[in-house]
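Chemist: One structure coming up, written as structure tokens, with questions to follow.
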Amino acid sequence: MHDEYDPQAIETAAQRYWDEHESFKAVEDSTREKFYCLSMFPYPSGRLHMGHVRNYTIGDVIARYQRMRGKNVLQPMGWDAFGLPAENAAIQHGIPPSQWTRSNIAYMKAQLQRLGFGYDWDRELATCDPDYYRWEQWLFTRLIDKGLAYRAKAVVNWDPVDQTVLANEQVIDGKGWRSGAPVERREIEQWSVRITDYAQELLDAIETLEGWPEQVRTMQRNWIGRSEGVYMEFGLAGSDAVLGIYTTRPDTLMGVTYMAVAADHPLAQEAARTDPTLAAFLDECRLGGASEAALETMEKKGHPLGRDALHPITGKRVPIYAANFVLMGYGTGAVMSVPAHDERDFHFACKYGLPIRPVVVPASWQGREIYIKTMTGTSVGHARLTGEYPVAGVTGEPGCDPLQWETWDERFEQPGILVDSGPFTGLTSAAAFDAIAAWLEERGRGHKRVNFRLRDWGVSRQRYWGCPIPVVRTADGGLRGETDLPVRLPEDVVVDGSGSPLKRMPAFSELANGETRETDTFDTFFESSWYYARYCCPDNDRAMLDERANYWLPVDQYVGGIEHAVLHLLYARFFHKLMRDEGLVSCDEPFTRLLTQGMVVAETWYREDAGGRKTWYNPADVEVTRDDKGKLIAAVLRADGQPVTFGGVEKMSKSKNNGVDPQVLIDRYGADTVRLYTMFTSPPDQSLEWSDEGVEGAARFLRRLWALAITERGERPAAAVAPGDAERAARREIHATLRKALYDYERHQFNTVVSGCMTIVNTLYRLEDSPAGRSVRREGLGLILRLLGPIAPHVAHHLWRELGFGDDILAAPWPMVDEEALVQDSIEYVVQVNGKVRAKVEVPADAERGAIERAALANDNVQRFVADGTVRKIVLVPNKLVNIVVG
């Protein structure tokens with residue numbers, strides 16, 4: 001054992017030992033409690049960043065902890081390898097995406113191994129391997145047979161430069177995230193999967209996910225978006241046809257002043273054939289993203305169709321507009337617009353001079369006379385809201401009234417009491433919901449309906465680097481699933497950015513007998529939605545999953561970023577239910593517990609030129625001067641000594657050039673220091689603010705632990721030595737700290753575990769070099785090495801062996817608190833007089849309350865402050881405090 005801590009040498013040796021002994025190989029064993037720990041697999045971009053390091057360290061700490069608790073642990077790793085970024089990089093470098101992807105996998109795998117993560121590499125998978133994606137192709141053909149997968153026209157985000165569909169999150173400010181081209185709303189044929197058939201089950205099952213953060217569960221509920229409303233039909237003037245809409249606010253029906261339909265709605269398309277101006281407007285509507293978020297932020301525009309709808313209750317004419325804020329893919333592609341009670345409708349009505357008719361007012365207005373005049377000056381009427389709620393609509397100006405409204409220039413969007421609503425006037429919004437629904441249903445004009453915000457999952461992408469969709473178009477135009485699987489993606493292909501090369505490859509797309517193969521590929525969410533299950537049996541070449549999946553699933557602990565809280569997790573939950581219904585798995589949900597780690601953030605620094613363009617500098621290249629309180633005084637670029645501007649603390653990113661290369665830190669300090677720092681700086685679910693000084697502090701602690709351990713070289717358990725007072729106090733502190741650390745491990749508060757280890761090391765350093773002191777020091781080292789084992793595994797492994805505790809710390813029993821060590825013969829109480837500390841007294845641990853109070857009152861300093869006063873009350877906090885109240 002060297003005197004100096006040499007992380008490179010000990011980490012290499014430890015990793016060699018784990019490899020030789022297959023320490024992390026997972027084997028099914030029905031006699032042991034299993035624990036499946038999984039971190040979200042990475043996209044092989046080329047190099048690990050600190051977000052990766054933190055995420056995978058958290059997962060590895062949990063897996064090693066559970067292993068040391070005696071559980072049968074599975075912790076696998078793989079690669080989310082398909083996707084457009086690989087195509088873009090391949091275009092830039094002039095190489096096939098497969099070559100770029102696999103070289104990145106090799107490099108990143110070596111980085112993960114260098115960090116000492118305890119993965120079962122025998123289960124490694126990459127989603128671009130045919131042995132993997134053949135099984136999702138197989139399942140997709142089963143979904144086609146069941147009617148759960150279908151091809152139909154859908155409105156999508158279309159990037160005209162990349163010539164592909166973009167997911168909503170890939171549209172930024174109305175432009176493609178890579179090309180920067182304005183995105184178009186385009187209706188094309190897409191393959192979709194009926195996730196909506198599982199909407200209610202997905203929603204209900206959220207209540208069972210007690211191990212998930214409530215924030216994530218809420219996000220999932222909102223994305224599924226169950227609502228209870230009314231479907232109703234407006235007539236069309238001059239036609240027997242109807243215009244169907246769905247609304248959650250039927251209580252506002254009498255306030256409808258116009259209808260809005262999507263640009264792709266049949267009514268809009270029909271009207272555009274004879275109206276060139278409308279046709280041009282519809283073309284304009286197709287520019288911009290097709291997501292709800294995009295619709296919320298864009299300017300609301302419309303154009304009249306020249307047709308009217310007929311109100312289902314009053315029969316009055318209501319003008320119909322084509323509007324850019326309505327999508328054909330959501331609901332019926334048409335909405336009723338109530339500008340007095342909806343912000344979007346209000347602004348549209350103001351822009352185009354449409355009536356604004358208030359029909360719901362706050363319940364607090366009951367018993368008061370109101371008068372409302374719309375912004376267009378149209379008198380709506382007035383009414384006194386009394387307990388009888390008379391019908392509103394009396395014309396003429398009312399007398400002076402403190403609640404008189406000259407204009408209705410605000411929206412009242414909450415439930416309330418109906419006014420000017422014919423037979424429904426005076427009802428509460430809740431009562432009106434049922435009454436209006438019943439009125440419409442009796443006349444065949446509507447009915448109650450449960451609706452979901454969730455739409456079917458469009459899985460087609462017009463990209464090359466993805467899993468081929470296994471479908472053949474027959475000579476007569478029919479569609480059938482492929483039977484000869486896998487449909488292999490040709491890999492030796494150089495892409496040029498002019499769309500998918502599969503469309504220009506007859507060897508791939510043209511089959512015998514006039515049949516053609518589908519050239520779209522799957523959305524990459526398709527691969528990442530079931531990889532966790534394939535890890536259970538990656539070597540099975542005859543089935544998608546086997547009985548081993550039912551041994552390991554569900555995943556006991558899933559670790560990943562909050563940015564995946566909706567789509568990935570929702571799709572994975574849905575995919576799991578598809579596999580369950582196919583008989584492949586027996587459980588209902590894929591992930592029992594979820595930990596969403598915080599971001600890694602760091603300072604940003606920049607200079608701005610005359611044109612407003614910012615150049616960002618890495619924090620390592622900036623010299624910062626601060627005062628004693630840490631306040632920034634000055635910052636200059638080391639290269640030229642000129643000032644730079646502080647840009648705030650933000651997530652590490654290439655765009656802000658504030659990232660830290662983990663490989664540089666590993667080479668300098670070793671993997672254990674990097675792991676220890678990322679666990680110590682903040683709890684896993686909170687942001688970690690990077691600090692170079694903090695990394696150096698973590699390295700110092702490990703060197704200090706090493707220096708303490710080398711004093712024990714050659715020491716072996718000696719005959720029992722009776723501890724003195726100092727040793728008993730040290731053991732009490734060690735085991736009290738251990739108790740808290742064991743509790744913190746269970747709640748994943750690894751930062752306080754590290755803090756506890758530091759406390760124990762400080763305690764051990766204070767012990768005298770006596771037989772009793774050495775005995776306690778050795779006991780303490782045995783405890784701290786096991787506590788640190790999951791966090792800094794290399795140094796713990798090495799010291800455990802060198803100090804003679806055993807061959808493999810992974811096989812060591814998890815430390816237990818010695819309850820006898822916590823027993824105290826006496827307890828020190830802080831004594832206060834009127835809330836101010838005046839003394840400390842020591843009493844026997846079993847002293848009764850009276851004895852404690854007498855000891856406190858007998859203290860000389862306490863007597864000085866009690867003096868001739870009268871003791872009014874004595875407050876006793878057991879084992880801590882005595883407060884004497886003197887009056």
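Chemist: Taking the Cα centre of the chain as the origin and placing charges on Cβ (Lys, Arg +1; Asp, Glu -1), which of PRO790, LEU665, CYS350 is farthest toward the positive end of the dipole?
Modeler: About the Cα centre, the residue reaching furthest to the positive side is CYS350.
Chemist: Determine, for each peptide in 107-116, 865-874, the mean count of other beta carbons within 10 angstrom over its residues, then list the peptides with the highest first.
Modeler: 107-116, 865-874
Chemist: Does the chain come out rounded, prolate or oblate, given a ≥ b ≥ c as the square roots of the eigenvalues of its C-alpha gyration tensor, rounded meaning a/c under 1.5 and, failing that, prolate meaning a/b above b/c?
Modeler: Working: a/c = 2.22, a/b = 1.40, b/c = 1.58.
Since a/c reaches 1.5 but b/c is at least a/b, the shape of the chain is classed as oblate.
Chemist: Here is a follow-up. Given labels modelled 7 Å from the Cα in the Cβ direction, how far is it in nm from ARG504 to TRP365?
Modeler: Calculated label separation equals 6.5 nm.
Chemist: Averaging the inverse of every distinct alpha carbon separation and then flipping it gives the Kirkwood radius. What is it for the range 826-886, in angstrom units?
Modeler: Roughly 11.2 Å, rounded to one decimal.
Chemist: Ok, one more. Quick one: check the C-alpha center-to-center distance for the range 30-98 versus the range 233-275, whole angstrom.
Modeler: The two parts, judged by their Cα centres, are 50 Å apart.
Chemist: Sorted by mean Cβ packing within 10 Å, highest first, what order do the peptides 435-445, 551-561, 299-309 take?
Modeler: 551-561, 299-309, 435-445
Chemist: How large is the helix-only mean residue ellipticity at 222 nm for the chain, computed as the sum of -39500 (n - 2.57) over DSSP H runs with n ≥ 4, divided by its residue count, in deg cm²/dmol to the nearest 500?
Modeler: The helix contribution divided over the chain gives -10500 deg cm²/dmol.
Chemist: Summing +1 for each Lys or Arg and -1 for each Asp or Glu, what net charge is found among the other residues whose Cβ lies under 10 Å from the Cβ of ALA260?
Modeler: +1
Chemist: Report the one residue of PRO470, SER460, GLY422 whose Cα lies farthest in the direction of the positive end of the charge dipole of the range 406-492 (charges on C-beta: Lys and Arg +1, Asp and Glu -1; origin at the Cα centre).
Modeler: Toward the positive end, the furthest listed residue is PRO470.
Chemist: Applying 1/(1 + (r/R0)^6) with R0 = 45 Å to the Cβ-Cβ distance of LYS880 and HIS2, what FRET efficiency is obtained, to the nearest 0.05? If you can, show how the numbers build up before the last one.
Modeler: Values: r = 46 Å, r/R0 = 1.01.
It comes to 0.50.
Chemist: With label points built 7 Å along Cα→Cβ from the Cα atoms of GLU28 and ARG580, find their separation and express it in nm.
Modeler: 2.0
Chemist: If you don't mind, there's one more thing I want to ask. With a Förster radius of 41 Å, plug the Cβ-Cβ distance of GLN99 and THR474 into 1/(1 + (r/R0)^6) and report the FRET value to the nearest 0.05.
Modeler: Rounded to the nearest 0.05, the efficiency is 0.70.
Chemist: Give me the number: length gained by fully extending ASP204 to CYS587, i.e. 0.36 nm times residue separation minus the C-alpha to C-alpha distance, one decimal in nm.
Modeler: 136.4 nm
Chemist: Follow-up. Just how far, in whole angstrom, is the range 787-812 from the range 644-676 if you go by their alpha carbon centroids?
Modeler: Result: 28 Å between the Cα centres.
Chemist: Determine the dipole magnitude for the range 107-195: charges of +1 sit on the beta-carbon of Lys and Arg, -1 on that of Asp and Glu, nothing else is charged, the reference point is the Cα centre, and the result goes in debye to the nearest 20.
Modeler: About 200 debye.
Chemist: Which length gain, in nm to one decimal place, applies between ASN513 and ALA279 when the Cα-Cα distance is subtracted from 0.36 nm times their residue separation? Display every interim value, and only then the final one.
Modeler: On the way: separation 234, 0.36 × 234 = 84.24 nm, distance 4.17 nm.
Full-extension gain reported as 80.1 nm.
Chemist: Something else now. Give the span of the range 438-511's Cα atoms along each principal axis, as three whole-Å numbers ordered largest to smallest.
Modeler: Taking max minus min along each principal axis of the Cα atoms, the range 438-511 gives 65, 30, 21 Å.
Chemist: Under 8 Å for C-alpha pairs, at least 6 residues apart: give me the relative contact order for the range 826-886, rounded to a whole percent. It would help to have the intermediate numbers written out before the result.
Modeler: Values: 101 pairs, mean separation 25.1, N = 61.
41 percent.
Chemist: Using 0.36 nm per residue, how much length does the chain from GLU608 to THR625 gain when fully extended, once their Cα-Cα distance is taken away? Kindly include the intermediate steps, with their values, before the conclusion.
Modeler: Values: separation 17, 0.36 × 17 = 6.12 nm, distance 2.08 nm.
Length gained, GLU608 through THR625: 4.0 nm.
Chemist: Output the antiparallel fraction of DSSP beta bridges having both residues in the chain, as a percent to the nearest 5. Write out the running numbers ahead of the final one.
Modeler: Numbers: 91 of 116 bridges.
About 80 percent, rounded to the nearest 5.
Chemist: What shape does the range 308-357 have by the C-alpha gyration tensor, where a ≥ b ≥ c are the square roots of the eigenvalues, rounded means a/c under 1.5, and otherwise prolate means a/b greater than b/c and oblate the rest? List each step's numbers first, then the result.
Modeler: Values: a/c = 1.72, a/b = 1.06, b/c = 1.62.
Taking the square roots of the gyration eigenvalues as a ≥ b ≥ c, the range 308-357 is oblate.
Chemist: Then there's this: Evaluate the distance, in nm, between pseudo-label points positioned 7 Å from the Cα of LEU632 and of ASP145 along their respective Cα→Cβ axes.
Modeler: Spacing of the two 7 Å Cα→Cβ label points: 6.3 nm.
Chemist: Still on this structure, I have one more. Using Cα pairs closer than 8 Å and at least 6 residues apart in sequence, work out the relative contact order for the range 549-684, in percent.
Modeler: Relative contact order, the range 549-684: 21 percent.
Chemist: Under a Cβ-only charge scheme (Lys and Arg +1, Asp and Glu -1), can you give me the dipole magnitude of the chain about the Cα centre, in debye to the nearest 20?
Modeler: Charge dipole of the chain: 1060 debye, to the nearest 20.
Chemist: If I take every Cα pair under 8 Å that is 6 or more residues apart in the chain, average their sequence separation and divide by the length, what percent do I get for the relative contact order?
Modeler: On the way: 1650 pairs, mean separation 117.3, N = 887.
RCO, the chain: 13 percent.
Chemist: OK, next. Taking the highest mean first, how do the peptides 800-807, 504-511, 777-784 order by number of other beta carbon atoms within 10 angstrom per residue?
Modeler: On the way: 800-807: 16.1, 504-511: 12.8, 777-784: 22.5.
Packing order, densest peptide first, comes out as 777-784, 800-807, 504-511.
Chemist: Apply 1/(1 + (r/R0)^6) to the Cβ-Cβ distance of GLU828 and GLU746, taking R0 = 30 Å, and write down the FRET efficiency to the nearest 0.05.
Modeler: 0.50
Chemist: Can you bin the range 692-822 into rounded, prolate or oblate? Criterion: square roots of the alpha carbon gyration tensor eigenvalues sorted a ≥ b ≥ c, rounded for a/c under 1.5, prolate for a/b above b/c, oblate for the rest.
Modeler: Working: a/c = 1.42, a/b = 1.26, b/c = 1.13.
Taking the square roots of the gyration eigenvalues as a ≥ b ≥ c, the range 692-822 is rounded.
Readers should treat all values here as calculations from the given coordinates under stated rules, not as data from a laboratory. This is a predicted model, so every value here is computed, not measured. Heads up, the Cβs are rebuilt from the backbone with ideal geometry, glycines too, and the neighbour counts pull from every protein chain shown.
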